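Q: Dumping the structure here so I can ask a few things about it.
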Ligand code: ATP
């Protein structure tokens, strides 16, 4: 209560732009959050602050929310700060009057550039007090930094950062620098920010004296999270909150072609006979699980006759530049009556001559940006498995059977470009087994099995759902699923591998603690060409010191550290408990984490951001599952 009372008095700054909320007020909330690990407490701090800001100004609220999640724009706009460590070190040196080497040394000692900047500022004598920073000033300058391009962009960016640092006082420099590093590291997950925003909005709408119970807050939170997965734009959602109230957002923020929907994901199923048990008599369909890249194709015809087609990756990145051949085939595979749609597909490398699926590796050698269709050497065919939106109507709440009917009625296969996912509505275990064999023969990974009717067959954006099961040949053969892990370090090679890296350190991600936890060392599965390519690519991400949010024990420390930038798919013989690896530490055994035995490199997952790596709770779940199956 004391802390909440502290939040009660924000003294606004008088600026040219009007009354502004000081950045320091937000930093004080960050500091309170950093001092606790209790989720409810964290939520209450941030909720109290949002509510106050909400009463002051809509735009400043939007900026506050974005600073809390260290984002400048929705993911699909691809606007990122991406400031390298060396630029920050130089800016801190310039703003604190220190030598660059001294800043580097302090960084070594303190392990956190934010703290280095804060201390450097505190020890600095200044003639006059700088003009205080406002939340909006910080946000708009961050955006300016991100959008600065061109020949002297590094100098311009450095200048802007130094300018911001010069105006910092108290604890501001710590959070400013951490934001520029892309992470606040205070344990404030985006999902908590969403919960706090929904709760504050409900209090704002109904009044603080209203009779609101936990169920009301939960409903508002779930509503906001649902909307976020279908309409991922905070400032537009905040606009709707002001206009119509949080209770009504789902009627105003609906699925919209050209805005990416968070994809629905599947749970693992280990055996065909478990499927029947799992679905308890509900009808289901089995589809081939294609091994390519998830592609969400959006299309809209405007009233003036112009058209727009955007293809998003699993990660909500705009991938249209990689698949211009698919975008230009839209008019061929959509029937003439179709004016808008969102299709869920898998784009697969395609052998045009033999009409066959090619490997995932072949697809990954397609260029990320194709300037001209004539330079395309690797053909791609899209296999459509779901239709989320058609002619102005969202379909995601409809049963899959109906969505599939609409898909088949309104689209048509186009040779070498577009097909429907092969599917069969089966009921017998033997038939599922045969269909699984067939999928593998046709170069697929296995089957996706989905409920067909009723509420349980609606499309659930962003959920790893029990209504979609994946059955891979490997699971049936007793081999586990693969893991997607982040490369955070490397060990020097010996013998044949001198000059290259001999092994790498991999980590899973814990979204609650916002940390990467070491899980295993990997040295097999690489061809010589792989080894060379990885070294060249990873060396661009080298950093001098481990990030403060890496959980790595002394015994597994690598020779070289990397930014958490690359995700690798890895297979292992099994998972074991380990006192030296930190993955899911304490979740299964108080003093042990989980590690992988005999890990083997499979491929780079270009389509996954590092935070989408296998989570520590998934690791714990995989460990437990394997105990059951043995
Ligand atoms: P992975 O198991 O490789 O980590 P993932 O986490 O990306 O996969 P999963 O939920 O495991 O996602 O599997 C679903 C993925 O399979 C989808 O993201 C999609 O790319 C791919 N896929 C291929 N065929 C289908 C299909 N018929 N229906 C749904 N997804 C399919």
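The values are calculated or read from the model by the stated rules, or taken from the named source; none is laboratory data. Keep in mind the model is a prediction, meaning the values are calculated, not measured. Ideal geometry is used to build each Cβ from the backbone, glycine not excepted, and the neighbour counts take in all protein chains shown.
Q: Checking residue 363 against (1) under 19 Å from residue 314 (Cβ atoms); (2) more than 14 Å from the ligand (Cβ to nearest atom); (3) not in a strand (DSSP E or B), which single condition isn't satisfied?
A: (2)
Q: Same structure, new question: Can you pull out every residue in the stretch 146-166 that is surrounded by fewer than 22 Cβ atoms within 10 Å (Cβ to Cβ) and within 18 Å of residue 114 (Cβ to Cβ)? Write out each step before concluding.
A: Of the stretch 146-166, the ones surrounded by fewer than 22 Cβ atoms within 10 Å (Cβ to Cβ) are 146-156, 158-160, 162-163, 166.
Answer for the stretch 146-166, where residues must be surrounded by fewer than 22 Cβ atoms within 10 Å (Cβ to Cβ) and within 18 Å of residue 114 (Cβ to Cβ): 158, 160, 162, 163, 166.
A quick yes/no check of all residues on (1) more than 22 Å from residue 293 (Cα to Cα); (2) assigned to a helix (DSSP H, G or I); (3) within 16 Å of the ligand (Cβ to nearest atom):
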| site | (1), (2), (3) |
| --- | --- |
| 222 | yes, yes, no |
| 227 | yes, yes, no |
| 236 | yes, yes, no |
| 250 | yes, yes, no |
| 253 | yes, no, no |
| 258 | no, no, no |
| 261 | no, no, yes |
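Q: Taking residue 499 and the conditions (1) more than 26 Å from residue 70 (Cβ to Cβ); (2) not in a loop (DSSP other than H, G, I, E, B), which numbered condition does it fall short on, given that it satisfies the others?
A: Failed condition: (2).
Q: Let me ask you something else. Which of the residues belonging to the stretch 290-308 are surrounded by fewer than 21 Cβ atoms within 10 Å (Cβ to Cβ), in contact (Cβ under 8 Å) with a residue 40 or more places away in the chain and either within 14 Å of the ligand (Cβ to nearest atom) or part of a loop (DSSP other than H, G, I, E, B) (or both)?
A: Those that are surrounded by fewer than 21 Cβ atoms within 10 Å (Cβ to Cβ), in contact (Cβ under 8 Å) with a residue 40 or more places away in the chain and either within 14 Å of the ligand (Cβ to nearest atom) or part of a loop (DSSP other than H, G, I, E, B) (or both): 291, 294.
Q: Identify all residues within the stretch 127-155 that are in contact with a helix residue (DSSP H, G or I) (Cβ under 8 Å, 6 or more places away or on another chain), part of a helix (DSSP H, G or I) and more than 21 Å from residue 20 (Cβ to Cβ); write none if there are none.
A: Residue satisfying the conditions is 154 alone.
Q: Name the residue, out of 582, 618, that is away from the ligand (no atom under 16 Å from the Cβ) and either closer than 27 Å to residue 181 by Cα or not in a loop (DSSP other than H, G, I, E, B) (or both).
A: 582
Q: Considering only residues that are more than 16 Å from the ligand (Cβ to nearest atom) and assigned to a strand (DSSP E or B), look in the stretch 368-421 and name the one that is farthest from residue 289 (Cα to Cα).
A: Applying the filter and picking the extreme gives 393.
Q: Working only within the stretch 318-331, note down all residues that are over 22 Å from the mean Cα position of the chain (by Cα) and away from the ligand (no atom under 16 Å from the Cβ). Show your work before the answer.
A: Keep residues of the stretch 318-331 that are over 22 Å from the mean Cα position of the chain (by Cα), which gives 324-331.
Passing the criteria: 324, 325, 327, 328, 329, 330, 331.
Q: Suppose the filter is surrounded by 21 or more Cβ atoms within 10 Å (Cβ to Cβ), assigned to a loop (DSSP other than H, G, I, E, B) and touching a residue at least 60 places away in the same chain (Cβ under 8 Å); does residue 188 pass it?
A: yes
Q: Here's something else I'd like to know. Pick out the one residue from 484, 510 that is over 30 Å from residue 455 (Cβ atoms), at pLDDT 90 or above and away from the ligand (no atom under 15 Å from the Cβ).
A: 510
Residue by residue, here is whether (1) at pLDDT below 95; (2) under 22 Å from the mean Cα position of the chain (by Cα); (3) not in a loop (DSSP other than H, G, I, E, B) holds:
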position	(1), (2), (3)
44	yes, no, yes
48	yes, no, yes
61	no, no, yes
64	no, yes, yes
76	yes, yes, yes
94	yes, no, yes
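Q: Applying the selection to the stretch 332-344, what residues are more than 16 Å from the ligand (Cβ to nearest atom) and touching a residue at least 12 places away in the same chain (Cβ under 8 Å)?
A: Within the stretch 332-344, 332, 333, 334, 335, 337, 338, 339, 340, 341 qualify.
Q: Right, something else. crowded, with 20+ Cβ neighbours inside 10 Å and free of Cβ contacts under 8 Å to residues at least 40 places away in the same chain: is that true of residue 29 in this structure?
A: Numbers: crowded, with 20+ Cβ neighbours inside 10 Å: yes; free of Cβ contacts under 8 Å to residues at least 40 places away in the same chain: yes.
Here the answer is yes, as residue 29 does meet what is asked.
Q: Given the condition over 30 Å from the mean Cα position of the chain (by Cα), within 14 Å of the ligand (Cβ to nearest atom) and at pLDDT 90 or above, answer yes or no: does some residue in the stretch 439-456 qualify?
A: There is at least one residue in the stretch 439-456 that is over 30 Å from the mean Cα position of the chain (by Cα), within 14 Å of the ligand (Cβ to nearest atom) and at pLDDT 90 or above.
Table: residues versus (1) surrounded by fewer than 16 Cβ atoms within 10 Å (Cβ to Cβ); (2) over 26 Å from the mean Cα position of the chain (by Cα); (3) in a loop (DSSP other than H, G, I, E, B).
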{"position": "520", "(1), (2), (3)": "no, no, no"}
{"position": "526", "(1), (2), (3)": "no, yes, yes"}
{"position": "529", "(1), (2), (3)": "yes, yes, no"}
{"position": "534", "(1), (2), (3)": "no, no, no"}
{"position": "537", "(1), (2), (3)": "yes, no, no"}
{"position": "547", "(1), (2), (3)": "no, no, yes"}
{"position": "555", "(1), (2), (3)": "yes, yes, no"}
{"position": "564", "(1), (2), (3)": "no, no, yes"}
{"position": "568", "(1), (2), (3)": "no, no, no"}
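Q: Moving on to the next point. Taking only pairs six or more apart or across chains, which ones have beta-carbon atoms under 6 Å, a first residue in the stretch 309-327 that is under 18 Å from residue 374 (Cα atoms), and a second residue that is assigned to a loop (DSSP other than H, G, I, E, B) and more than 14 Å from the ligand (Cβ to nearest atom)?
A: Here the result reads 321/369; 322/368; 324/370; 325/376; 327/320, each pair linking the stretch 309-327 to a residue that is assigned to a loop (DSSP other than H, G, I, E, B) and more than 14 Å from the ligand (Cβ to nearest atom).
Q: Quick one: is residue 276 more than 15 Å from the ligand (Cβ to nearest atom) and in a loop (DSSP other than H, G, I, E, B)?
A: No; evaluated as a whole, the condition is false for this residue.
Q: Next question, about the same structure. Can you name the residue in the stretch 468-478 that is touching a strand residue (DSSP E or B) at 6+ places or on another chain (Cβ under 7 Å) and modelled with pLDDT under 95 and is also nearest to the ligand (Cβ to nearest atom) among such residues?
A: Restricting to residues being touching a strand residue (DSSP E or B) at 6+ places or on another chain (Cβ under 7 Å) and modelled with pLDDT under 95, the top hit is 470.
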